[in-house]
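The values are calculated or read from the model by the stated rules, or taken from the named source; none is laboratory data. Note that the structure is a prediction, hence the values are computed from the model and not measured. Cβ sites come from the backbone with ideal geometry, for glycine too, and all protein chains shown count toward neighbours. For the accessible areas, the whole protein counts, side chains as well, though only heavy atoms, and no ligand, DNA or RNA atoms are used. Shrake-Rupley method; radii C 1.70, N 1.55, O 1.52, S 1.80 Å.
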Amino acid sequence: MMTNVRPMQTSSPGWPQTTDGSIAARNLHAQIEGLQADATSGYSTAETQLCLIDLLVLRGRTLGRIADYRRAEQLANQFVRETGSAESFLGRARMHALFHRFRAALGDLDIAQALSIDQTTAEEERAAIFQGLGRYDEALALRQQAVARCASFESLAALAGLYAERGEIETAQQLHEESQLRYCGVSPFPLALLDFQFGQMWMHRGEWKKAQKLLQFAVRRLPAYAPAQGHLAEVAAEIGDAEDAVARLYPLAMSSDDPDYASQLARILQDLGRIEESRHWCRLAATVYASLVVEYPEAFADHAAEFWLGPGANPNKAVELAQINFERLRSGVHGTGCQRIESEGSKAIVHPCKEQNRGYENRGK
């Protein structure tokens, strides 16, 4: 399957050339507003409704907006109720997977395929779900088949991300390099998502400088990329630059409705001896986690457990939440037990709305 590729080169924020990230983000907002207006006016098609769901998820993923995930889920459920179309079940399957309801995602995907979704699309989605469940061998077979059919940026990047998760670093790096050579779009989103995923790979291995470089590339492509900024803060704290970490986290903690940033900030402020500030962010994080665990236990119980084990300083709560994940792990509902929403970059690479690579961002380039 593997082609002969050059040794891994350091990614460059100038290669491949893409639309300026700030312009791309503004155009993403504009396109979402336009599709929402069409939906309100009754002019949406099944394709544009699915596109709106995907773009809301993309914005939520890159800007750290859980409100966008909620809105996308509402639209997906409404889409199924009103149309029962193949596209509607595909959209709802993606939302189930986003919130780690993997069995429900597979069920909706089966319905979508029975109605009319083509096999290639279904296999791409199924591979992402298997990856989320930790069923790596099944995911790998599907990812390899996709590359054999068409060695595109999307298929190679998805396979690279899977090898990165499996810890097969050399193969992951080769595919990372090859995927970028195949990139023909103008959107910075897929490339930023891919660099972010590889930054995470190095973080998990404790290679902080390598992680920092990849995350910096992601932020240069997309300055508003909240998870990349948050992980850069984590790296900065690990290498002894706590002040840089705080400077990165304060804007995120104040602007994002994702409590992970408040939790990170509380921990670092605590380490710096800034106890009153730390307590403020602890209280905020605790309140939001409590709500999210009730609403989306599969997706946020692990986040909340980490908070209570760390700056929240309540090990009993942490154990209680960890038990939720353990029970899902045993039953096969949630195979990895610690996968964060923000880390599922391969899914965003596989199916961002095609408009993201169709050139709409050129309007402001």
Among (1) part of a helix (DSSP H, G or I); (2) more than 25 Å from Phe300 (Cα to Cα); (3) not polar (S, T, N, Q) - the single one Phe198 does not satisfy
(2)
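For region 66-94, how many residues meet the condition of being small (Gly, Ala, Ser), surrounded by fewer than 22 Cβ atoms within 10 Å (Cβ to Cβ) and under 16 Å from Gly107 (Cα atoms)?
Just the residues of region 66-94 that are small (Gly, Ala, Ser), to begin with: 67, 72, 76, 84-86, 88, 91, 93.
Next, only the ones that are surrounded by fewer than 22 Cβ atoms within 10 Å (Cβ to Cβ) stay: 67, 84-86.
When the remaining residues are screened for being under 16 Å from Gly107 (Cα atoms), the result is 84-86.
Counting residues in region 66-94 that are small (Gly, Ala, Ser), surrounded by fewer than 22 Cβ atoms within 10 Å (Cβ to Cβ) and under 16 Å from Gly107 (Cα atoms) gives 3.
Applying the selection to region 271-316, what residues are in a helix (DSSP H, G or I), among the polar types (S, T, N, Q) and open to solvent by less than 80 Å² (accessible area, probe 1.4 Å)?
Across region 271-316, the qualifying residues are Ser278, Ser291.
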Selection status of Gly161, of a type in the set (Gly, Ala, Ser) and modelled with pLDDT under 95
no
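How many of the residues in region 66-107 are of a type in the set (Phe, Trp, Tyr) and more than 18 Å from the chain's Cα centre (by Cα)? Let's see the steps before the verdict.
Of all residues in region 66-107, those of a type in the set (Phe, Trp, Tyr) come to 69, 79, 89, 99, 102.
The next check asks that each one be more than 18 Å from the chain's Cα centre (by Cα); those that pass are 79, 89.
Residues in region 66-107 being of a type in the set (Phe, Trp, Tyr) and more than 18 Å from the chain's Cα centre (by Cα): 2 in total.
Quickly run through region 197-206 and pick out the residues that are crowded, with 19+ Cβ neighbours inside 10 Å and either of a type in the set (D, E, K, R) or under 25 Å from Met254 (Cβ atoms) (or both). Working first, answer last.
Kept after step one, since they are crowded, with 19+ Cβ neighbours inside 10 Å, are these residues of region 197-206: 197-203.
Hits for region 197-206 are Gly199, Gln200, Met203.
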Which of (1) modelled with pLDDT under 95; (2) touching a Cys at 6+ places or on another chain (Cβ under 6 Å) does Ser44 not meet, given it meets every other one?
(2)
With respect to Leu194, is the statement that it is open to solvent by less than 10 Å² (accessible area, probe 1.4 Å), at negative phi, modelled with pLDDT of 95 or more and touching a helix residue (DSSP H, G or I) at 6+ places or on another chain (Cβ under 6 Å) true?
yes
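Give Ser187, Ser152, Ser116 a once-over and let me know the one that is of a type in the set (Ser, Thr, Tyr) and touching an Asp or Glu at 6+ places or on another chain (Cβ under 7 Å). I'd like the intermediate steps shown before the answer.
On the way: Ser152 fails: touching an Asp or Glu at 6+ places or on another chain (Cβ under 7 Å); Ser116 fails: touching an Asp or Glu at 6+ places or on another chain (Cβ under 7 Å).
Testing whether each residue is of a type in the set (Ser, Thr, Tyr) and touching an Asp or Glu at 6+ places or on another chain (Cβ under 7 Å) leaves just Ser187.
Among the residues of region 207-220, write down those that are touching a residue at least 12 places away in the same chain (Cβ under 8 Å), open to solvent by 10 Å² or more (accessible area, probe 1.4 Å) and not aromatic (Phe, Trp, Tyr).
So in region 207-220, the residues touching a residue at least 12 places away in the same chain (Cβ under 8 Å) come out as 208-209, 211-220.
Those left that are additionally open to solvent by 10 Å² or more (accessible area, probe 1.4 Å): 208-209, 212-214, 216-217, 219-220.
Those that are touching a residue at least 12 places away in the same chain (Cβ under 8 Å), open to solvent by 10 Å² or more (accessible area, probe 1.4 Å) and not aromatic (Phe, Trp, Tyr): Lys209, Gln212, Lys213, Leu214, Gln216, Val219, Arg220.
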In region 15-35, residue surrounded by the most Cβ atoms within 10 Å (Cβ to Cβ) [restricted to those that are at pLDDT below 95 and out of contact with any Lys or Arg (no Cβ under 9 Å at 6 or more places or on another chain)]:
Pro16
